[in-house]
Amino acid sequence: MAEGKRVALVTGGSRGIGEGIARRLAADGWHVVTADTEAGGPDTAARHVQADISDEAAVNALVQGIAEAEGRLDGLVCNAGIMIRKPIRELTLEEWSRVLATNLTSTFLLARAAESLLRQAKGAIVTVASTRAHQSEPDTESYSATKGGLLALTHALAVSLGPDVRANVVSPGWINVRDEKLSERDHAQHPAGRVGTPADIASLVAWLLSPESGFVTGAEFVSDGGMTRKMIYED
């Protein structure tokens, strides 16, 4: 059991934004369960489960495991995602379906499996989409479609599960998830003056899971340093 702590499940929690979210929630006193296809989770997680959350049986087992081991679930963070970037003429149906299953269908499976636990806890769901739900680069059809789908699925969940459960979506822009060396130009093109970090997204997710955002549901929060509001003209 989680000894009275709030319990959060973070998918895609082994690295990048998911790891940052798990780290922040643990620092805030949450009991964090991470799930990922990778065997190892962040050292801040109370428990890590290796699971393919695009698989219905794996999701059901994951949530049942939380019911048995932690006894409650207060926060569900649907962060797991993959991208297959190639021209649409080369993108196979199998690849398209794999991206949709991992990025979008998994959220449906998780919300369905966790509904009872979340209702009992008066909990919250946060999905992680992308600014690619609003704008695109070439050869990102499957990824962009899933992120747009997450926006609609999230507000549908907010209406269907409310008032017991709140659901909101965060859409990150450019987040430096691999601690890459970036140029001054990379940072300067953002109205905020810099590229984002996993901690930027984690702080927003932490607020959306907290009672402080109790009147917020069905909403999208874009965290992109202002880039989707910036008009860009090529020379």
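Every read-out reported here was derived from the displayed coordinates using simple, explicitly stated rules and does not represent laboratory data. Owing to the predicted nature of the structure, the values given are computational and were not obtained by experimental measurement. Backbone-built Cβ (ideal geometry, glycine too); neighbour counts: all protein chains shown.
Okay, here's what the table says:
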| item | result |
| --- | --- |
| Sorted largest first, extent of the stretch 7-229 alpha carbons per principal axis (Å) | 48, 39, 35 |
| Projected label distance in nm at residue 89 and residue 68, using a 7 Å step from Cα toward the beta-carbon | 5.2 nm |
| Charge dipole magnitude, Cβ of K and R +1, D and E -1 - the stretch 7-229, Cα centre, debye nearest 20 | 360 debye |
| Over the chain: helical MRE at 222 nm, DSSP H runs n ≥ 4 each giving -39500 (n - 2.57), nearest 500 | -12000 deg cm²/dmol |
| Percent breakdown of C-alpha pair distances by 5 Å bin, ordered from the shortest bin, for the stretch 120-222 | 2, 12, 20, 20, 19, 13, 8, 4, 2, 0 |
| Given charges at Cβ of Lys, Arg, Asp, Glu: the stretch 7-229 dipole, positive-most of 45, 177, 133 | 133 |
| Backbone HN-Hα couplings from phi across the stretch 222-233 [Karplus 6.51/-1.76/1.60, Hz, Gly and Pro as x] | 8, 10, 9, x, x, 5, 6, 9, 9, 7, 10, 10 |
| Projected-area average for the stretch 66-198 over all orientations - Cα convex hull basis, square nanometres | 10.1 nm² |
| Relative contact order computed over the stretch 1-56 (Cα-Cα under 8 Å; 6+ residues apart), in percent | 32 percent |
| Trypsin sites (Lys or Arg not before Pro) within the stretch 7-89: DSSP coil, no more than 15 neighbouring Cβ in 10 Å | 85, 89 |
| Centre separation in Å (Cα based) which lies between the stretch 23-92 and the stretch 139-160 | 18 Å |
| Two-decimal log10 I(q)/I(0) for the stretch 164-233, as the Debye equation yields it once each C-alpha is a single scatterer, q = 0.23 Å⁻¹ | -1.00 |
| Helix runs (DSSP H) in the chain reaching 27 Å along axis by Cα, Kyte-Doolittle at least 0.0 | 141-161 |
